[in-house]
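Everything below concerns the one structure shown next.
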Amino acid sequence: MSLDKIIVPLDVSTKEDAIALVEKLPQVTFWKVGLELFVGCGPEILTFLKSQEKRIFLDLKFHDIPNTVAGACRSASRYGVDLITLHATAGKTALKAAQIAAEAGAKEAGYPVPKLIAITLLTSLNSRDLAFDLKVPLELPEYALQMALLAQESGLAGAVCSPQEVAQLRQTCGDDFLLVCPGVRPVWAEKGDQQRTFTPVEALKAGANYLVIGRPITAADDPVKALERIIEEISN
Ligand SMILES: O=C(O)c1cc(=O)[nH]c(=O)n1[C@@H]1O[C@H](COP(=O)(O)O)[C@@H](O)[C@H]1O
């Protein structure tokens, strides 16, 4: 069902605002808890989402030395979340250690092992940022692909990528590799700080497993209608 492919981020800073959003959109089954909310209210929000039987994408984008990234993934895996992000640029040793630690953390807590997904290149960056500011000499699609392959070789379940690169990643990494795409904008929504976008229909056609769609829904005058409009677009 189309709705199952949409993850909505709870990009608010308090538990009250987060709960209000979850209650406003009861049909959403998969929610993302990111830095703003987790820093603002801690793991209590995860307990709430689990009590509502929601799936949880814990998006804290870990990026540190292997021992620290592994420790963070072990702790995060004790919450019973479904997806966890870390940056591919933490490197192969960190990614491998993270996977082992996630398995251990989930086992300790009696939960299924969450899927670790690596950030390839943030969707807020463009080719110019990559070349001139980050000084990366590869073309952007090639860089994103290399980061996804690093994640795959390190034993991770998937990657986060822009929908503009997802077709190439799907072709190279195969059908079993989970590809989660933020940077999704219906034609009627503002892009904001997102640089590499596709519409929901284009992103799914290109091979995304899940779409992360925030402000087009959550900042809309009527979030329920905005969500319905997106569902209708991707169902046709
Ligand atoms: O890891 C993410 O989810 C993520 C990676 C990325 O490259 N770009 C990106 O926008 N995100 C997240 O996806 C969400 C996109 O939100 P909107 O731009 O409001 O649709 C935000 O919560 C971001 O933190």
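All of the numbers you see were taken from the coordinates with simple rules; none came from a lab. From a predicted model like this one, the values you see are computed outputs, not experimental measurements. Please note: Cβ atoms are built from the backbone with ideal geometry, for glycine as well, and neighbour counts cover all protein chains shown.
Structure summary
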| read-out | value |
| --- | --- |
| Per-residue [θ]222 nm for the chain (sum of -39500 (n - 2.57) over DSSP H runs n ≥ 4, rounded to 500) | -12500 deg cm²/dmol |
| Efficiency of FRET from Cβ geometry, SER51 and SER124, R₀ 35 Å, rounded to 0.05 | 0.60 |
| Reduced Cα scattering model of the stretch 3-235, Debye log10 I(q)/I(0), q = 0.07, 0.10, 0.18 Å⁻¹ | -0.21, -0.44, -1.44 |
| In the stretch 1-70, the GluC sites (Glu not before Pro) that fall in loop regions by DSSP, at most 15 other Cβ within 10 Å | GLU53 |
| Set of aspartates and glutamates with alpha-carbon distance to LYS50 below 13 Å, sequence-local pairs under 8 removed | ASP82 |
| Extension gain, ASP133 back to LYS96 (0.36 nm per residue minus Cα-Cα distance, nm) | 10.5 nm |
| Exceeding the 32 Å Cα-Cα cut-off - candidates LYS5/LYS191; LYS5/LYS135; LYS107/LYS225 | LYS5/LYS135; LYS107/LYS225 |
| Label point distance in nm, GLN171-GLU36, each placed 7 Å from Cα along Cα→Cβ | 3.6 nm |
| Local electrostatic count at GLU233 - Lys and Arg +1, Asp and Glu -1, tallied over other residues with Cβ under 13 Å | +2 |
| Between the stretch 105-174 and the stretch 1-26, the alpha-carbon center distance in angstrom | 24 Å |
| Zone of LYS205's modelled label, taken as backbone nitrogen in the stretch 137-179 under 15 Å from a point 7 Å along Cα→Cβ | 163-168 |
